[in-house]
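Okay, so here's the structure we're looking at.
Taken together, the values in this text are just the output of simple stated rules run on the coordinates, not laboratory data. Given the structure is predicted, the values throughout are model-derived calculations rather than measurements. FYI the Cβ positions are ideal-geometry reconstructions off the backbone, even for glycines, and counts take in every protein chain you see.
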Amino acid sequence: MQYFRHTECRDETGGGVLNARCVECQANLPVGAGRGRPRRYCSRRCQARAYRRRREHGPTSTLRRIQDLPAPIGGDPRHRLVSLAVELADVGGLDAVSLRVLAQRGGLPAHAVYRHVRNRADLLAAMAEQITATRPPGTAPLPRDPRQRLERLAGHEWAMYRRHPWLLAILATDRPPTGPAVLAMVDRVVAAFTSAGYDPAEAFRAYLALSGYIQGMALLIRRDPGDTTYHAWWSATVTRLERTGRTRDRQWLAAAGQTRPDTDLDTWFQFGLRGLLDGLLHGPAR
């Protein structure tokens, strides 16, 4: 295991810094002249990534601990690279995934990666395709009843975001990937609404409403469940609201203070899903 951090080895003759590595991607940095402030980033992209992390998570934030993943061997090269990218994202989020890091972790020269992945957008689309094409082991056939089928499909999509929180940033956009597996996921939901009496156009609108709810709730999924600073923030926030009297006339706020977002999130999701499907299946809009 290693941390992505700045590491360096100084030339014993005083000739500069040798084997310095980028803070973000661990790529080797050019040998410096030994004067001035040591270089910390290999590119403006890595520098911007570090800036975004500090802006979103605070000045003391660091990249999550990334395990040294073995270089993939055998099989289709593109599939191997995409699988490695998924593993990196599962550990460190999408900020941990770049073609440079992928080449380094895959034991390939950078130009070889571009033979199989055109660019970062192509890589992210392939990652989403691989995840949506994977069905949970032992999954039973979908029920014939539209309500039960929609509940099952919604649960599958929710479970994907639970296992891979980074996937939300790829799919919840006005320009989502349109690979066969992603389109098949939409097909199944639209077909369920069609069987409930919707025409194709209405069924797609109903799909958007359902998917929008799932993805909106997925925004509450924490990217790093082991982050102790979140628990400290939640506890301090509830204490401050109680101390300042803001919970006194807000029973809902007092009740919210007794919940644990990590453990109650699935319950919240199922509660909202039931209400949404009650409305959508009460009768197709005319």
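Observations, loosely collected:
- Normalised contact order of segment 73-125, rounded percent, pairs of Cα under 8 Å and 6 or more residues apart: 30
- Charge context of GLY179, other residues only, Cβ under 12 angstrom, K/R +1, D/E -1: -2
- Over all directions, the projected convex hull of the C-alpha atoms in segment 223-264 averages 3.1 nm² in area.
- Environment charge of TRP268, counting only residues whose C-beta is closer than 12 Å and scoring Lys/Arg +1, Asp/Glu -1: -1
- Using a simple spin-label model with pseudo-atoms 7 Å out from Cα toward Cβ, ARG39 and ASP76 lie 3.8 nm apart.
- Per-pair calculated FRET efficiency, R0 = 51 Å: HIS111 and LEU208 via Cβ, rounded to 0.05: 0.80
- Residue by residue, segment 103-109 carries 3J(HN,Hα) couplings of 5, 5, 5, x, x, 10, x Hz when phi is fed to the Karplus relation 6.51 cos²θ - 1.76 cosθ + 1.60 (θ = phi - 60°); x denotes Gly or Pro.
- In this structure, the amide hydrogen of ARG21, modeled 1.01 Å from its nitrogen in the peptide plane, lies closer than 5 angstrom to those of THR7, LEU29, counting only residues at least 5 positions away or on a different chain.
- For segment 150-286, the direction-averaged projected area of the alpha-carbon convex hull comes to 10.4 nm².
- Two-site FRET efficiency, ALA140 against ARG222, from Cβ-Cβ distance with R₀ of 30 Å, rounded to 0.05: 0.50
- DSSP-assigned coil residues among trypsin sites (Lys or Arg not before Pro) in segment 229-262, each with at most 13 further Cβ atoms within 10 Å: ARG246, ARG248, ARG250
- Cα gyration tensor shape of segment 243-286, rounded if a/c is under 1.5, else prolate or oblate by comparing a/b with b/c: oblate
- Other residues with beta-carbon under 13 Å from the beta-carbon of LEU277 carry, at +1 per Lys or Arg and -1 per Asp or Glu, a net charge of +1.
- The ARG188 and ARG118 beta-carbon pair, evaluated with R₀ = 25 Å, returns a calculated FRET efficiency of approximately 0.30.
- D_trans [Stokes-Einstein, Kirkwood Rh over alpha-carbon pairs] for segment 83-209, 25 °C, 0.890 mPa s, µm² s⁻¹: 152
- The slack in the chain from ALA232 to ALA256, taken as 0.36 nm per residue of separation less the alpha-carbon distance, amounts to 7.0 nm.
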